[in-house]
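One structure coming up, written as structure tokens, with questions to follow.
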Amino acid sequence: MSNKAPTSAERRFIEDVARLLVPWGVPQAAARLYGYLLLFPEPVSLDHIATDLEMSKSTASVAARLLEKYTLARRHGQRGSKRVLYEASDNYEGMLTEQNRLLDALAELLKQGAGIAARGRTRSRMEEMAEFHTTIRQSMDAALKRWRARKTQ
């Protein structure tokens, strides 16, 4: 993508990325911005982002800062200017790290619930759910370790 308005195919890609990320808890503006940044090989200004995505500069700024928190975007300054540029990050783990934190919290809560639940079906269901979330979390850890090892080869 160059310094021109996104094409219809690029807009479709941006919206498709948003459709996939919103159910993961990423706000619409941040999800659209991530799809947009993935298409750019160079850092992009907030002015450019706001214009192309038809959002206010403040919305673009908030979305960009959230993507930074998830390590999905990187901020760049320009020498002699207050202007900030953003680009997609090469670190894809931030969002998964947050999801892992939520899996841990849910598994722990389910274990606590199983401890206070009446015996029988209710307790066994919560114990099984806790075990499921713990197993998924462990699988995510193993997958991330394999990914990191592959990246360092």
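The values are calculated or read from the model by the stated rules, or taken from the named source; none is laboratory data. What you are looking at is a predicted structure, and each value in this text was computed from that prediction instead of being measured. Neighbour counts are summed over all protein chains in view; Cβ atoms, including those assigned to glycine, are modelled from backbone coordinates with ideal geometry.
Taking ALA130, is it in a helix (DSSP H, G or I) and among the hydrophobic types (A, V, I, L, M, F, W, C)?
Yes: the conditions hold for ALA130.
Only one of (1) buried (at least 18 other Cβ atoms within 10 Å of the Cβ); (2) out of contact with any Gly (no Cβ under 9 Å at 6 or more places or on another chain); (3) not in a strand (DSSP E or B) is not met by VAL17, so which one is it?
Of everything listed in (1) buried (at least 18 other Cβ atoms within 10 Å of the Cβ); (2) out of contact with any Gly (no Cβ under 9 Å at 6 or more places or on another chain); (3) not in a strand (DSSP E or B), VAL17 misses just condition (2).
Could I ask something else about it? What's the total number of residues in segment 47-84 that are in contact with a Ser or Thr (Cβ under 6 Å, 6 or more places away or on another chain) and crowded, with 19+ Cβ neighbours inside 10 Å?
2
Still on this model: With the structure loaded, tell me whether SER56 is more than 26 Å from TRP147 (Cβ to Cβ) and either in contact with a strand residue (DSSP E or B) (Cβ under 8 Å, 6 or more places away or on another chain) or outside the structural domain of LEU144 (by TED's automatic domain parsing) (or both) or whether it fails that test.
Against the criterion (more than 26 Å from TRP147 (Cβ to Cβ) and either in contact with a strand residue (DSSP E or B) (Cβ under 8 Å, 6 or more places away or on another chain) or outside the structural domain of LEU144 (by TED's automatic domain parsing) (or both)), SER56 qualifies.
Here are some residues: TYR70, TYR92, TYR86. Which one is of a type in the set (Phe, Trp, Tyr), within 17 Å of the chain's Cα centre (by Cα) and at pLDDT 90 or above?
Only one candidate qualifies: TYR86.
Go through segment 20-53 and report how many residues are out of contact with any helix residue (DSSP H, G or I) (no Cβ under 8 Å at 6 or more places or on another chain) and charged (D, E, K, R).
Residues in segment 20-53 being out of contact with any helix residue (DSSP H, G or I) (no Cβ under 8 Å at 6 or more places or on another chain) and charged (D, E, K, R): 1 in total.
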